[in-house]
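Scroll down for the structure; my scribbles are underneath it.
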Amino acid sequence: MQREYTPIQEHTSVFPSGRQSLVSDGLHARRSDAWDECFFKFDEFCRSWVLEFLPALVAGPLSILLEGRIAAANRQLVLTEVPLLVMDVIFKWGPFLSLGLFLTCDLPTVGVEDAVFPLVLLSFRASCLAMKYAYLPRAQLRVMASSSSWLEGGYWARILGTALHFNATGTLAFDLLQALCAAGERAGVVEVLADQSFQVGVLPARRVWDVVKEALVSMDDAELVKTRSASWLFKWGPGRPTPNDLRGSTYGDVQKHLGLGDLEAMEAEVRDGRLRASAAAYFFVLSAFQASPISGFSRSVIMGFVASLIHPMCSFLATGYPFGTTPAEVVFEVSRFMGFFVMALLFFLYNTFPIWDASKRLEMCNSLLSSFAHAETQSCRREQGFDDVPMVIVNAEGVTGFWAISRALGPEFLRGLCLRYNSGYLVVTLVHLCFMSAGVACHDILSEGVGLDWGSVLEIGLCFAIAAVSILATTLITEQCNEATHRSLRVLERARVEAVVRKWPDKDEVVELVDVLGANLADVKPIQMLYMPATKEVLSLVWSFGSYGLALVFEQ
């Protein structure tokens with residue numbers, strides 16, 4: 001049966017609220033949307049790859065023909081601002097110009113791999129952007145295709161890694177709350193988070209609630225959001241969140257769903273030393289996923305610039321001319337340099353996103369376990385100088401609340417984004433490294449009479465090194481995140497022991513709950529790397545692939 005959308009009543013926004021179902025008031029629809037962001041949409045990937053690979057002058061009209069003018073504008077393929085036009089020329093025309101000169105002009109020192117590599121990196125960028133659209137829920141895809149607010153309200157930027165890691169849009173507080181709600185829907189624990197609470201004492205409860213309350217209040221402060229979003233991203237890109245767009249969500253009022261809507265009631269609970277499970281979960285998310293310093297982006301810019309110098313430097317060492325001698329060679333090398341710089345920058349940036357995501361996720365898991373007195377984690381955290389908020393399970397309600405937090409902040413938290421980073425982006429990286437390696441391996445066939453350019457070989461070697469570091473670091477960190485789920489089981493087991501030894505009034509209920517909820521935690525689907533569970537077996541596969549690829553390259 002086709003379900004219809006109804007507009008949000010609490011917050012006027014481009015996004016509709018949860019779709020109304022015949023069996024519940026939007027619950028099934030919200031859960032469907034939450035899972036939809038975890039499924040790869042092949043048709044959307046193919047369409048987006050074509051549109052992002054072609055220059056805007058071609059992709060814009062094609063997008064209008066296929067999807068309509070609103071969708072084309074929301075994809076930023078209808079360019080009217082000079083900075084965006086310049087960026088499109090640098091992004092896309094450089095690699096095509098280099099290939100055109102190679103095919104039409106006499107360039108005796110240029111091999112086919114020199115002309116093709118920038119196009120391979122352009123395809124890499126297009127594939128990563130296509131991954132972004134392929135993992136968008138259908139509800140958001142419909143909004144993108146039908147409402148100009150997607151662009152004007154800055155929603156296009158809120159699904160980017162720069163928004164999550166650098167708070168480039170200023171809406172990180174709400175975006176993380178929405179991610180918590182989506183994770184709770186996938187785990188089926190939203191109602192539990194909203195209903196259960198912990199008896200932690202006034203001081204720990206106040207310490208947590210002050211952070212949570214500040215974040216909740218800041219979501220509606222349009223001036224504060226405007227100040228935070230006045231960054232480099234919005235200086236060059238269209239759209240900035242408006243007051244009506246700050247809480248736009250396909251899940252409806254996520255703050256209300258999580259039981260955080262009545263701030264006065266929450267204050268009263270805190271004065272009694274009680275802390276809502278959803279508030280505790282949101283506190284751990286806010287503490288771990290703080291905005292990273294912009295220096296992380298700056299490093300990618302520097303590395304991209306250094307990588308783009310490799311080819312000219314090798315040409316200079318070989319011939320004494322970094323950009324060739326003839327006019328055609330100069331134009332070829334300069335256009336290649338500009339295109340390669342931007343694409344290398346994005347290559348490094350996209351390969352660091354998985355590391356940042358895994359590191360923040362591990363910090364979130366460790367702070368949760370330390371707060372609930374997992375002995376090993378707590379000891380390590382104290383040695384490292386962390387002062388985690390003490391939270392103790394003292395009854396059955398605490399057992400249920402801890403289980404709900406562990407489910408929401410486990411692999412389900414940002415699962416769709418994690419699939420996009422840890423699997424989608426890295427698979428795209430490996431596929432394009434295969435094409436680059438094949439170009440060098442087939443050099444003698446495709447470029448007869450032209451010597452192999454060491455600049456191209458070193459470029460591939462650098463890309464292999466960056467990809468290897470990204471996969472190695474992300475896999476090792478993510479494996480620890482998966483292990484955190486099993487450590488949560490030990491916290492529950494310890495609560496059961498405490499209930500029996502200390503003769504809690506509800507010890508029988510606690511024992512039964514630990515059995516049932518522990519079995520549920522043990523059955524959680526782990527975080528994946530390259531669409532496989534994140535274990536060291538992934539590293540063996542990548543090592544075999546990398547060794548074979550580099551052997552092909554350096555054999556030439």
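The values are calculated or read from the model by the stated rules, or taken from the named source; none is laboratory data. Keep in mind that this is a model prediction, so the values were computed, not measured. No Cβ is skipped: glycine too gets one built from the backbone with ideal geometry, and neighbour counts run over all protein chains shown. Areas reflect the complete protein model, heavy atoms only, side chains present, ligands, DNA and RNA absent. Shrake-Rupley method; radii C 1.70, N 1.55, O 1.52, S 1.80 Å.
Evaluated against (1) surrounded by 15 or more Cβ atoms within 10 Å (Cβ to Cβ); (2) under 28 Å from Asn366 (Cβ atoms); (3) modelled with pLDDT of 75 or more, Val542 falls short on exactly one condition, (3).
Across the stretch 507-537, the number of residues qualifying as farther than 24 Å from Gln480 by Cβ and acidic (Asp, Glu) comes to 4. Does Glu37 count as modelled with pLDDT of 90 or more, farther than 27 Å from Val342 by Cβ, crowded, with 19+ Cβ neighbours inside 10 Å and not hydroxyl-bearing (Ser, Thr, Tyr)? Yes, satisfied. From (1) open to solvent by less than 50 Å² (accessible area, probe 1.4 Å); (2) over 26 Å from Glu333 (Cβ atoms); (3) out of contact with any Ser or Thr (no Cβ under 7 Å at 6 or more places or on another chain); (4) at pLDDT below 80, pick out the condition that doesn't hold for Val491. Against the list (1) open to solvent by less than 50 Å² (accessible area, probe 1.4 Å); (2) over 26 Å from Glu333 (Cβ atoms); (3) out of contact with any Ser or Thr (no Cβ under 7 Å at 6 or more places or on another chain); (4) at pLDDT below 80, Val491 comes up short only on (4). Residues in the stretch 275-298 include none that are surrounded by fewer than 24 Cβ atoms within 10 Å (Cβ to Cβ) and among the charged types (D, E, K, R).
Among residues of the stretch 67-95 that are in contact (Cβ under 8 Å) with a residue 40 or more places away in the chain and small (Gly, Ala, Ser), none has a Cβ under 7 angstrom from a residue that is crowded, with 17+ Cβ neighbours inside 10 Å and not in a helix (DSSP H, G or I) at a sequence gap of 6+ or on a separate chain.
Which of the residues belonging to the stretch 316-332 are under 19 Å from Leu99 (Cα atoms) and open to solvent by 20 Å² or more (accessible area, probe 1.4 Å)?
First pass over the stretch 316-332, keeping only residues under 19 Å from Leu99 (Cα atoms): 322-332.
Within the stretch 316-332, Pro322, Phe323, Gly324, Thr325, Thr326, Pro327, Ala328, Val330, Val331 qualify.
With the requirement that a residue be closer than 21 Å to Ser249 by Cβ and basic (Lys, Arg), what does the stretch 108-162 give you?
Lys132, Arg138, Arg142, Arg158
Taking the stretch 504-527 as the range and being open to solvent by less than 50 Å² (accessible area, probe 1.4 Å), part of a helix (DSSP H, G or I) and either at pLDDT below 90 or under 24 Å from Cys38 (Cβ atoms) (or both) as the test, the residues that pass are Leu517, Leu521.
Take the conditions in contact with a helix residue (DSSP H, G or I) (Cβ under 6 Å, 6 or more places away or on another chain), touching a residue at least 60 places away in the same chain (Cβ under 8 Å), open to solvent by 30 Å² or more (accessible area, probe 1.4 Å) and more than 30 Å from Pro312 (Cα to Cα) and apply them to Ala130. Does it pass? No, not satisfied.
The single residue among Glu383, Glu397 that is surrounded by 18 or more Cβ atoms within 10 Å (Cβ to Cβ), more than 28 Å from the chain's Cα centre (by Cα) and of a type outside the set (S, T, N, Q) turns out to be Glu397. Of the set (1) open to solvent by less than 10 Å² (accessible area, probe 1.4 Å); (2) among the basic types (Lys, Arg); (3) out of contact with any Pro (no Cβ under 9 Å at 6 or more places or on another chain), all apply to Arg336 but (3).
Screening Pro95 against (1) more than 24 Å from Trp150 (Cβ to Cβ); (2) open to solvent by 40 Å² or more (accessible area, probe 1.4 Å); (3) in a helix (DSSP H, G or I); (4) not small (Gly, Ala, Ser) leaves a single unmet condition, (2). Selection of the stretch 419-458 for residues being assigned to a helix (DSSP H, G or I), open to solvent by 10 Å² or more (accessible area, probe 1.4 Å) and either at pLDDT below 80 or in contact with a strand residue (DSSP E or B) (Cβ under 7 Å, 6 or more places away or on another chain) (or both) yields Leu419, Ala438, Gly439, Ala441, Asp444, Ile445, Leu446, Trp454.
Please enumerate the residues belonging to the stretch 266-298 that are among the basic types (Lys, Arg) and out of contact with any Leu (no Cβ under 9 Å at 6 or more places or on another chain).
Quick first cut of the stretch 266-298, residues among the basic types (Lys, Arg) only: 271, 274, 276.
Arg271, Arg274, listed by residue number.
Would you point out the residue of the stretch 354-380, among those that are hydrophobic (A, V, I, L, M, F, W, C) and modelled with pLDDT under 90, that is most open to solvent (accessible area, probe 1.4 Å)?
Our first condition is that a residue be hydrophobic (A, V, I, L, M, F, W, C); within the stretch 354-380, this holds for 355-356, 358, 362, 364-365, 368-369, 372-373, 375, 380.
If we keep only those that are modelled with pLDDT under 90 too, we end up with 373, 375.
Details: Ala373: 59, Ala375: 74 Å².
Step by step, filter the stretch 354-380, then rank; the result is Ala375.
So that you can scan it fast, the table gives a plain yes or no per residue for (1) over 30 Å from Ile310 (Cβ atoms); (2) modelled with pLDDT under 90:
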{"residue": "Glu81", "(1), (2)": "yes, yes"}
{"residue": "Phe117", "(1), (2)": "no, yes"}
{"residue": "Tyr133", "(1), (2)": "yes, no"}
{"residue": "Gln140", "(1), (2)": "yes, yes"}
{"residue": "Arg158", "(1), (2)": "yes, yes"}
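Listed by position, the helices (runs of 4 or more DSSP H) enclosed by the stretch 140-183 include none that has at least 2 residues that are of a type in the set (Lys, Arg) and more than 14 Å from the chain's Cα centre (by Cα).
Could you please find all residues in the stretch 98-120 being outside any helix (DSSP H, G or I), open to solvent by 40 Å² or more (accessible area, probe 1.4 Å) and of a type in the set (Val, Ile, Thr)? Break it down stepwise before answering.
Within the stretch 98-120, the subset outside any helix (DSSP H, G or I) is 105-111.
Of the ones still in play, those that are also open to solvent by 40 Å² or more (accessible area, probe 1.4 Å) are 105-106, 108-109.
Thr109 - this is the single residue of the stretch 98-120 that is outside any helix (DSSP H, G or I), open to solvent by 40 Å² or more (accessible area, probe 1.4 Å) and of a type in the set (Val, Ile, Thr).
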